[in-house]
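Sharing a structure, written as structure tokens. Questions coming.
The values are calculated or read from the model by the stated rules, or taken from the named source; none is laboratory data. For clarity, every value in this text was computed on a predicted model and none was experimentally measured. We place every Cβ from the backbone using ideal geometry, glycine too, and count neighbours over all the protein chains shown.
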Amino acid sequence: MNGSGANGRLLLVEDSDTQALMIRRVLERGGFSVERAASAEAALDSLNQAVPDLVVCDYHLPGMSGGELVRALRLNVRTRAIPVLMLTEASEPGLEREGLESGADAYVPKSSDQSLILLRIGALLRQGGAQPASDRTGAAAEFGREVGVFRRARVLLLHQSRDAAENLAALLGREGYEAEILDDPENGLAEAVAEARGAVDCVVVDLEAQRFDGIALCAWLNIFRLRADAEQSELAPVTSLRILGLGDGERAGGRLLVAQAYGAGVDDVVSGAVGAEAIGLRVRAMVRRKLLQDETARIETELRGRQAAIDRAREEAAAFAAKAALAEALAEANEQLREAQGKLVQTAKMASLGELVAGIAHEINNPLAFIVAHQGTVSRLLDQIAGNADASLPAEIGPKLAKARERVSAMSLGLKRIENLVLNLRKFSRLDESEHQTVDVPDAIDTVLTLLTHKLGTGITVERQFDAPRELSCQPALLNQVIMNIVGNAADALNAEPVRTAARVIRIATALEGENYTIAIADNGPGVPDTLRERVFEPFFTTKPVGSGTGLGLAIAYNVVRAHGGAIVLDTPDGGGARFTVSVPAGVARIAGAAS
């Protein structure tokens, strides 16, 4: 566009450079910003970039005609409401009718007075209303439902001649319009317009009537619609009514009458002598444009409503997503809290157990040392008596002495077993040893198996295969927990089978695989179903009867192994059952030879 254009931006479609220059000068002197397109096709390209306030179009254009251009504009919702002023030099019969029926809002010869062209353009721009349809909101859609999306156009006729008014009303009625003749315009006009509540599309006023002042009525209608636009801009997606003036200038001189009419707010002026059909053409053009603007406003209101609904839905979805994320975070935090609580409970249990075991071992150790010392004394005395006995002793003393020595020797074996048990209890009770130490793995495993004797009993055979180095750098107490939990579960699984013909076996094997130290504990029990394998390491998950397990053993074992930088895997060995393979970095494992 050229300049800012205080009165509006116009698109001039004219193929003649000379005519385009003349018309542009007229329009720019009128305060308009003008862009020129030399063809209809160029005009469509320009409209893809920016939408003007009005299009001034020559009817005869190379390629696509002006009428075809207007039809294209009316088919596009983005441009359908742009006012179009059709210009031509031709005087072929019916050209004005064809131009108006194509969708143009007004038809003006190029030879018309320049001031009248500017007045006509100003009237067309004024028809668009002071407020764009896109600015209307809320209540507009509600009022639009009252008026109706599809309705017959309504026209009020204020004519000097009753016969002429009836002819025009009949013509409009045949074309689907609701035409109403006001016999007393000055008294009935305000009531008719007010009762219509925005449903009046056009008012035809006889400007040269003798029984009423047409110019004054047009001025009142203009004030009414301006006030209605200001006061009811939120009420309905409809545009202001159109005013068509009838007069040939006999009363006040042609140009003066037309200027007065446009000054009073008339949108178009046509000679009353042209007949009902020509007047009907103008009415149809004005109403068509108004209904197009109403439809555009209705569509924009509906789109705004849909967009508002979409925005609300997006906000609700975002709020729901935020709540879902919060709920998920809370659930995860709760699960972590439950797991931490379980670990604390198990740690407290193990600590209490360690303290209890340490206390019991200490209490047993004192009398045990006393008994062992006296057992040694008794054994030595018996040996001395047997060595120094002479033949003078009664014969029955010899067998009794031999039996006593045999029993004391048996007592020595029992006391040795008690000493080993106390030693194992003291080893297992060292729960405060959190630092990595060099641990004798076979010895640690034997310690755990000794403490699980009550579970293993005589029905379960434990097979050992220690191919890895004996020593491993780890936390001794944690290693004890891992082996005890896995072996304890294996024993429970084997003991849970009520009828079994094959021997119950637990196999424990160690190996050095690359840089990893592995301990595999397998049993030939019922195994773990595939559906449960992903859950066996979850805290509080157990398949044991209520009161028989906490579901924390394997979870703690899993976390202990993870704390060592290793992994624990569950699979099924050849022959069935379950196998847990613990793999941890060998670290400072010493290749000191395999243990058998």
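Considering only residues that are at pLDDT 85 or above, surrounded by fewer than 20 Cβ atoms within 10 Å (Cβ to Cβ) and farther than 23 Å from L257 by Cα, which ones fall in the range 198-210?
Within the range 198-210, none qualify.
Taking D571 as the residue in question, decide whether it is of a type in the set (D, E), in the same structural domain as G488 (by TED's automatic domain parsing), out of contact with any Pro (no Cβ under 6 Å at 6 or more places or on another chain) and at pLDDT 80 or above.
Yes: the conditions hold for D571.
Taking the options E166, E195, E178, name whichever one is modelled with pLDDT under 80 and either of a type in the set (S, T, N, Q) or surrounded by fewer than 20 Cβ atoms within 10 Å (Cβ to Cβ) (or both). Lay out the reasoning, then the answer.
Working: E166 fails: modelled with pLDDT under 80; E178 fails: modelled with pLDDT under 80.
Checking each option against the conditions leaves just E195.
Ok, one more. What about V561, is it at pLDDT 85 or above and either surrounded by 16 or more Cβ atoms within 10 Å (Cβ to Cβ) or assigned to a strand (DSSP E or B) (or both)?
Here the answer is no, as V561 does not meet what is asked.
Also, quick follow-up: Please state which of the following conditions L532 fails to meet, knowing it meets all the rest: (1) out of contact with any strand residue (DSSP E or B) (no Cβ under 9 Å at 6 or more places or on another chain); (2) surrounded by 14 or more Cβ atoms within 10 Å (Cβ to Cβ); (3) at pLDDT 70 or above.
Looking at each condition in turn, L532 falls short on (2).
Sticking with this one: Note down all Cβ pairs under 9 Å where the first residue falls in the range 285-307 and is under 21 Å from V84 (Cα atoms), the second is crowded, with 17+ Cβ neighbours inside 10 Å and aromatic (F, W, Y), and they're at least six residues apart or on different chains.
The qualifying pairs are A285/Y107; V287/Y177.
Taking only the range 181-190 into account, find how many residues are among the acidic types (D, E) and at pLDDT 75 or above.
Going residue by residue through the range 181-190, those that are among the acidic types (D, E) are 183-184, 186.
Cutting the leftovers down to at pLDDT 75 or above gives us 183-184.
Summing the residues that are among the acidic types (D, E) and at pLDDT 75 or above in the range 181-190 gives 2.
Related question: Limited to the range 282-329, what total is found for residues that are in contact with a strand residue (DSSP E or B) (Cβ under 9 Å, 6 or more places away or on another chain) and either surrounded by fewer than 15 Cβ atoms within 10 Å (Cβ to Cβ) or not small (G, A, S) (or both)?
Of the residues in that region, 6 qualify.
Quickly run through the range 574-596 and pick out the residues that are in a loop (DSSP other than H, G, I, E, B), modelled with pLDDT under 65 and small (G, A, S).
Selection gives A589, S596.
Being farther than 19 Å from H564 by Cα, buried (at least 17 other Cβ atoms within 10 Å of the Cβ) and at pLDDT 85 or above, is that true of even one residue in the range 448-461?
Yes, the conditions are met somewhere in the range 448-461.
Quick check on my filter: what residues within the range 559-586 are of a type in the set (A, V, I, L, M) and more than 24 Å from L472 (Cα to Cα)?
As a first pass, look at the range 559-586 and keep what is of a type in the set (A, V, I, L, M): 560-561, 563, 567-570, 578, 582, 584, 586.
Residue satisfying the conditions is A578 alone.
While we're on this one: Between a residue in the range 359-383 that is in a helix (DSSP H, G or I) and any residue that is modelled with pLDDT under 70, which pairs come within a Cβ distance under 7 Å, given they are 6 or more apart or on different chains?
Close Cβ pairs (under 7 Å, with a partner that is modelled with pLDDT under 70) amount to I360/L425; A361/V422; A361/L425; A361/R426; A361/S429; I364/V422; N365/V422; L368/V422.
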